[in-house]
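What follows draws every value from the coordinates through simple rules; no lab data is involved. No experiment lies behind these values; they were computed from the predicted model shown. Cβ coordinates were reconstructed from backbone atoms using ideal geometry, including for glycine residues, and neighbour counts include every protein chain displayed.
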Amino acid sequence: MVTPARGAPYVSLVLLVVVMVTLAATGVSLPPPPRGTAPTGPASHAPPPAGPGLVSDGSSSLPPGRTGPRSPDGDPAHRPVPGSADEETPARQGPPAPVRARGIYLTSHVAGIPHRVQQLVNHLGATGLNAMVIDLKDNSGTVPYPLPVPLLQEIQAVQPRIADLPALVRDLKSRGIYLIARIVVFQDPVLARARPEWAIRDHQGRPWRDHNGMYWTNPFSREVWAYHLDLAEQAVKLGFDEVQFDYVRFPDNPRRVAETAVLDNPDGLSRTQAIVTFLRLARERLAGRAFLSADVFGLTTTAADDLGIGQDFSAICQVVDYISPMIYPSHYYHAGIYGLPVPEANPYQVVKRALQDAKARARGTRATIRPWLQDFSLRIHYGPAEVEAQIRAAHEEGIDQWLLWNPANVYTAEVDYRAGLPGPAPANELGRVLILEYHNIGAQEGRWTRTPASFRADLERLYREGYRLISLSDYLRGRIDVPAGFSPVVLSFDDSSPGQFRLLEPGQEPPPPGRRDRPPPNPLKVGDRHIDPDCAVGILLDFCAQHPDFGRAATFYVLFPTPFGQADCWKEKLAFLREMGMEIGNHTLSHASLKRLSPQEIQRELALPQARVQEVLPGYRMISLALPFGEAPADRRPLLAGEHEGTTYRRLGVMLVGAEPAPAPASLAFRPDAVPRVQVFGQELDKWLSFLARHPQERYVSDGNPATLSFPPALADRLNPQSAEQVK
C-alpha cells in the first residue's frame, strides 16, 4: 500500500506525510480548500463531522456494555504473547465466511489509540461499512505487538504501538467487523539491515536503497518468504479473517535496479515467478483458515507486462483469493493515461477504465477484485464527490467491494457508500426533479459542449441510478408516470445546434461497428439520409432502443431561420422529432434578452417562432419557453400568453438557465414561470446526482401511480393544498 508520496519523487510530500501522521494521532484533519458553491439542503442522516472531513464518534465513550480494546485487568503494560505458554490461542473453527468487504485502513499507531478506534468503529456503524485493514507489519519493517516469531526479537523488529492486539481483534470481531491483517513484505529496512545477505545489495555488498532511500529485501529469497509466512500464521492465530500482502513486488524503476543493485537468484526465477511462488506458498499455509489477498500497482490492470516489478495481474489472480489494485487517480501521474489530460481530476473515469481492464484480466481466475480507492488529497482536493465518483464507478462495473485508503485514517464524511448500487427507494413525490439542459454535442468538451462519449455516459448513469425519461409537458402538467421506486428526468436541448441533430449526406453510411469510440450504426433515417450516430438524437434514440424501459422523450428549443444548421432538411427534422415523441420548445425568434424588450416586442419574439413551427407541424403548440440568457422581464405575463399578427401562444412553463433541480409539480415551491434546470457541463451533473443520492428526501421517487401522491410525512409542509386530494 502507498501513502500519497509513494512512487513520486516529490520531496515536499515528506512534509505532508509527517503532518498526516501527527493528525492521525490527534484525530484532527486539515480543513479542505473551498470547493465552490455547495448545494444547499437538509443535512444528511450521517453523524456530523467532528472537524472538516473527520468522521465523528458521536461520543467519547464506548457503547453500553463495551470496555473497548483493553484486557480484562485493564493493564496495558504486560500482555501474554498469543501462541506462547502465557496464553492459549483458540484455533479458528474453519475458514471465515466470504464477505463483500467495504472497509477502511488503520495504521498500527491509530489502532493503538482507543478513542480513535472508537471513532472509526462508529463510522463503520453509521455508514454500513464492514471491514478494517490493520497494519501487522508496515513499511518501517516493524510490528506493533510482540508475536512468537523468534526472528522478530533477534532483529529487534517489535515496536509496541498496540497495547493489547488480541483484545483489540476480539473486540472488533465481536462487533461483526471483517478484519484484514496488512503485512508489508519486501520493503523492509529492519530485516534488510539485520540480514544483509537476504537484502537487495549494491555493488559494494551493502544493503541497497531505492530513490526514496528505502531498503529492500530480496524478493527471490526463500528466507524472506519464510519470515513473512510466519507472520501470516500469527495473523491467523490472532483471529484475522484475511492476510493482505503489500509491497509484494520488486522495487520500481527496474532500469536503476538493474544498473545499481545485486539480487541473488539461486532458483533462477523470473520476477513474476518469484512473486507468484511466494503467494502460492502463502495460500497453502493459510488454506482453510484465512483468505489471502495481494495489493498491486494500479497500472497492472492495464499494463501488458509486469511493469518490471514482478506484478503480472493475471498471474497473481491465479493464486490469491482477493486482488486489490491501488487505483488511486492521483497516482496516474502521466497525462494521457486513458485519454485523460489530468487523470487525478477524473476519478470516475480512471477507476472505471482501470476496473474494466482488471475484469478482463481476472476473468477465469480464482481472484475477486477488491480495489483500493482514494480518500486523501494530493495535488487536487478530494471530498465527498470525488470519493463517491470512484465508488460509483466500481459499483457500475459490478464490483461491490472496495477499501478506502487514507494514510492518516481520517475519512471523508457525508459520502454515499451505496453510490451506483441499485436498490428500492421509498416514494417521495415532493422531491426535486432533474431537468437537464444541454447545448452542443461536439468533439471537444467545454462550457457549452458535451462530447458524444460524455452524453452516452450521462444516459448510462441516469439509467443505472434509477432515472427514467418523461416529457417536459408531463412534468408541467403533474402527470409523472414512471415505475414505483424510480425517478423522473427531463432532457432539454437549447439553441438547436448541429450537434444536436445532424443527418449524414445522401448515400453516406454510418461508421462500421466494432470501433470503441463509435456506437453501433443507427438504422433510423430521415428520408434517404442516415442520422449521425454521434449527434444527440442519434445517441438518444440508439440508447432508448437498447433500454426500452428508459423511455423516450426530450424537448428541443429551436432557433430560426435554420434549426440544427442544415438548411435543406430542417423541416424534415422537426417532423421526425414529433414522430419520435419529442417536443419542440420556444427559444425566441432571435435569441433576444427578453428583459430588455417591451411587452409588444416580447410577443413578437415568441409568436413568430410559433408560426414557423406550425408551417411544418400544423396546429402544433410549443407549450414551453427557454429564456435566452436566463433573463426575464419584470412583467412575466407576456411570457405565458400573448398574440402577434394573428398567432397566439400559451405556455405551461418557462425554463430558466441552470441553477438546480426543479420542485415537484405538487410542491408549494413550484412556479411554472420560473422552472430551474441543471446545466450539464464539467462535473455539474455528477454534483447533483451525488447530492440527491446523499439526500434522499430531496429526490423525487415515484409511487408508480400518476394519479396519486405519496411522500414521507415529514415533508407534508411542502405540499401545495391544491394537490391535497391526490394524497394517498
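Miscellaneous remarks
- Ranking of 448, 405 by count of other Cβ atoms within 10 Å, fewest first: 448, 405
- Taking a sphere under 14 Å around the Cβ of residue 419 and counting the other residues whose Cβ falls inside, with K and R at +1 and D and E at -1, yields a net charge of -1.
- Three-way shape call for region 434-726 based on the alpha-carbon gyration tensor, with the a/c threshold at 1.5: oblate
- For residue 135, distant residues with modelled amide H under 5 Å away: 106, 108, 182
- Extension gain, residue 525 to residue 725, is 67.4 nm, computed as 0.36 nm per intervening residue step minus the present C-alpha separation.
- Neighbour-count order for 323, 380, fewest beta carbons within 10 angstrom listed first: 380, 323
- Cα gyration tensor category, rounded, prolate or oblate, for region 372-512 with a/c compared to 1.5: oblate
- Cα shape, region 405-454, gyration tensor, a/c 1.5 rule: oblate
- Counted charge near residue 270, where neighbours are those whose Cβ lies closer than 12 Å (Asp, Glu -1; Lys, Arg +1): -3
- Distant-in-sequence amide contacts of residue 185, defined by a placed amide H-H separation under 5 Å and a gap of 5 or more residues or a different chain, comprise 246, 247, 248.
- Efficiency of FRET from Cβ geometry, residue 264 and residue 151, R₀ 22 Å, rounded to 0.05: 0.70
- Taking θ as phi - 60° and the Karplus parameters 6.51, -1.76 and 1.60, the scalar couplings of region 477-486 work out to 8, x, 10, 7, 10, 10, x, 4, x, 9 Hz in sequence order, x denoting glycine and proline.
- Cut-off 11 Å between beta-carbons: net charge of the residues surrounding residue 110, Lys and Arg +1, Asp and Glu -1: +1
- Legend: ranking of residues 301, 647 from fewest to most surrounding C-beta atoms inside 10 Å; resulting order 647, 301.
- One chain, two ends: residue 579 and residue 560. Fully extended at 0.36 nm per residue, the span grows by 4.8 nm beyond their Cα-Cα distance.
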